[in-house]
Amino acid sequence: MPEMDNTTGDTMEKESRATSEQDWTATHVPLTEEQTRAAQLGVLVPLAGPVQIVDYDPQWPRLFEREAERVQTALGDQVLVLEHIGSTSVPELAAKPKIDMLLVVADSADEPAYVPILEATGYVLQVREPDWYEHRMFKGPDTDVNLHVYTLGCPEIDRVLLFRNWLRNHASDRQLYERTKRELAHVDWKYMQNYADAKTAVVEEILARAQGDAGEQVREDD
């Protein structure tokens, strides 16, 4: 998970992979180094030290709003959804000091429609994944941002928003996720993607609860 920290870090911050909302936990496979290199545009840089996890900063939503205004102004009606995701979008949750953003467009594979516009504002395309929901990821021009781009209707969109909203409203799982991240941050990882993949088990566990609760709500409404 844009970090799911979402859903789903540094040059390769991405979330654990899903093929659908229901079967994600059964099908997730960590990326190999070859797959990570293939998705990365440019040089894949190893981590130079431990993963940095800091206490929640109330400035993070303001940084998101600033970047959201920049993206909205640049793309106009092409922006179908623009959300703050990842750990910095969850109050009281410690996180890497990096703003993850979710941008939904009509077709993320149609790069000529939006990539040159974003690049003109200072964003840099760093990840292209045609085999995984046509995911694209940009780095921000000044604020440390991962801008994740998906096509409208992609199941990853609902997944990262479900995870974010669940953590915002469930302190026990928020604390579980934070403990796990802090523990994993002390491990010597080669790439940020390795750290992200290591969170898979706890993300699966939390998502299973969130999905189960969503299913109960649907049945109650019927």
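The values are calculated or read from the model by the stated rules, or taken from the named source; none is laboratory data. Since the structure is predicted, the reported quantities are computational estimates derived from the model, not experimental observations. Note that we place each Cβ from the backbone using ideal geometry, even for glycine, and neighbour counts take in every protein chain shown.
Among the helices (runs of 4 or more DSSP H) confined to the range 18-82, the ones with at least 1 residues that are modelled with pLDDT under 95 are located at 24-27, 33-39. Residues of the range 122-166 that are over 13 Å from the mean Cα position of the chain (by Cα) and in a strand (DSSP E or B): Val124, Leu125, Gln126, Arg128, Glu129, Thr151. No other residue among Gly140, Gly122 is under 21 Å from Arg62 (Cα atoms), at pLDDT 95 or above and surrounded by 20 or more Cβ atoms within 10 Å (Cβ to Cβ) apart from Gly140. Taking each residue of the range 163-182 that is more than 10 Å from Leu93 (Cβ to Cβ) and looking for partners that are surrounded by fewer than 20 Cβ atoms within 10 Å (Cβ to Cβ) and at pLDDT below 95 with beta-carbon atoms closer than 8 Å, six or more apart or interchain, yields Trp166/Asp213.
Residues that are crowded, with 24+ Cβ neighbours inside 10 Å and among the acidic types (Asp, Glu) within the range 76-100 comprise just one, Asp100. Got at least one residue in the range 191-207 being in contact with a strand residue (DSSP E or B) (Cβ under 8 Å, 6 or more places away or on another chain), at pLDDT 95 or above and buried (at least 21 other Cβ atoms within 10 Å of the Cβ)? Scanning the range 191-207, I find no residue that is in contact with a strand residue (DSSP E or B) (Cβ under 8 Å, 6 or more places away or on another chain), at pLDDT 95 or above and buried (at least 21 other Cβ atoms within 10 Å of the Cβ), so the answer is no.
Residues in the range 136-169 that are aliphatic (A, V, I, L, M) and under 12 Å from Ala210 (Cα atoms): 4 in all.
Of all residues in the range 145-162, count the ones that are in contact with a strand residue (DSSP E or B) (Cβ under 8 Å, 6 or more places away or on another chain) and surrounded by 16 or more Cβ atoms within 10 Å (Cβ to Cβ). Steps first, please.
Our first condition is that a residue be in contact with a strand residue (DSSP E or B) (Cβ under 8 Å, 6 or more places away or on another chain); within the range 145-162, this holds for 145-152, 154, 156-157, 160-161.
Checking which are surrounded by 16 or more Cβ atoms within 10 Å (Cβ to Cβ) leaves us with 145-151, 154, 156-157, 160-161.
Qualifying residue count, the range 145-162: 12.
Number of residues in the range 95-121 that are touching a helix residue (DSSP H, G or I) at 6+ places or on another chain (Cβ under 9 Å) and either under 17 Å from Ile157 (Cα atoms) or in a helix (DSSP H, G or I) (or both): the value is 15.
Is the range 173-189 home to any residue that is among the aromatic types (Phe, Trp, Tyr), at pLDDT 95 or above, out of contact with any Pro (no Cβ under 8 Å at 6 or more places or on another chain) and part of a helix (DSSP H, G or I)? Give the steps one after another, and end with the answer.
At the first step, the residues of the range 173-189 found to be among the aromatic types (Phe, Trp, Tyr) are 177, 189.
Remaining after also requiring at pLDDT 95 or above: 177.
When the remaining residues are screened for being out of contact with any Pro (no Cβ under 8 Å at 6 or more places or on another chain), the result is 177.
Those left that are additionally part of a helix (DSSP H, G or I): 177.
Yes, there is a match, as at least one residue in the range 173-189 is among the aromatic types (Phe, Trp, Tyr), at pLDDT 95 or above, out of contact with any Pro (no Cβ under 8 Å at 6 or more places or on another chain) and part of a helix (DSSP H, G or I).
Restricting attention to the range 125-179, the residues that are in contact with a Leu (Cβ under 8 Å, 6 or more places away or on another chain) and of a type outside the set (A, V, I, L, M, F, W, C) total 13. A search for C-beta distances below 9 Å between a residue of the range 40-66 that is of a type in the set (Lys, Arg) and any residue that is in a loop (DSSP other than H, G, I, E, B), counting only pairs 6+ apart in sequence or on different chains, returns Arg66/Thr143.
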